[in-house]
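J.: The following block contains the structure, expressed as structure tokens.
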Amino acid sequence: MDQNKQNEEDYGYQLFPERNSGRFKKGSVAESLFTFNHKCQVMLKVALDTSPYAKLLLSAMKQSGCTVYKERHFSCEDCDGIVSGGFDATTSQIVLCQNNIHQQAHMNRVVTHELIHSFDHCRAHVDWFDNFKHLACSEVRAANLSGDCSFSNELSRFKFGLKQHHQECVRDRALRSVLAVRKVSREEAEKAVDEVFESCFNDHEPFGRIPHSKNDAKYAYRDFQNRDRYYANL
């Protein structure tokens with residue numbers, strides 16, 4: 001097998017075919033108004049403008065010197081049917097799977113999940129390709145802080161009621177994410193997630209808490225803004 005092809009599969013790029021075919025083709029203006037791409041762009045704007053999760057992450061990244069620009073750092077593309085989004089560390093770009101995201105609430109969660117990866121990339125200089133634990137840690141944080149494991153989402157999956165259910169949901173979703181983008185055995189992925197789980201689960205930056213709901217995220221965003229004001233007056 002061609003080495004470049006092998007690398008693409010090892011790092012999950014086969015899930016995002018437009019990453020490997022240059023820039024995606026653009027049709028006429030009239031055509032674009034009725035495509036998944038147009039709907040994706042509209043929902044992305046709503047997420048960035050209204051989601052407290054996204055607004056907090058964007059503010060934190062700007063404060064860290066990694067300002068995010070909608071046109072530069074987000075790309076709506078067709079993806080493999082099993083994924084909703086991804087973070088391309090080689091371009092510092094978030095991929096939103098326009099063929100798999102059809103509801104605003106889903107878009108909000110995907111944008112938040114991938115912005116957490118982007119935040120980690122900015123603040124921690126994550127070695128996404130050669131350090132398996134770094135990837136596992138960021139997946140734990142994204143599952144924990146994005147709302148992926150909120151009570152309402154788990155209820156819709158018919159999963160609820162177990163003791164420490166949130167932790168088990170985070171562990172499971174982090175494991176699934178690692179397996180989706182790396183060609184490793186389940187045992188290897190479980191070992192990496194287990195080794196980093198405690199420290200990464202308890203790392204709540206930049207939220208300062210686990211935002212279990214939209215209201216929690218609003219309070220976290222308010223606290224973040226007030227923290228900024230406090231430091232600005234020192």
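J.: Once each part is reduced to its C-alpha centroid, what is the distance from the stretch 113-140 to the stretch 63-95 in angstrom?
T.: With the stretch 113-140 and the stretch 63-95 each reduced to a Cα centre, they are spaced 13 Å.
J.: Determine the alpha carbon to alpha carbon distance for each of Lys133/Lys214; Lys191/Lys214; Lys55/Lys218; Lys39/Lys70; Lys70/Lys183; Lys70/Lys218 and list only those over 20 Å.
T.: Listed pairs above 20 Å: Lys133/Lys214; Lys191/Lys214; Lys70/Lys183; Lys70/Lys218.
J.: Would you mind telling me the share, in percent, of accessible area of the stretch 48-179 contributed by carbon and sulfur at probe 1.4 angstrom?
T.: 51 percent
The values are calculated or read from the model by the stated rules, or taken from the named source; none is laboratory data. Computed from a predicted structure; not experimentally measured. The accessibility values were calculated without ligands, DNA or RNA, using every heavy atom of the protein model including side chains. Shrake-Rupley method; radii C 1.70, N 1.55, O 1.52, S 1.80 Å.
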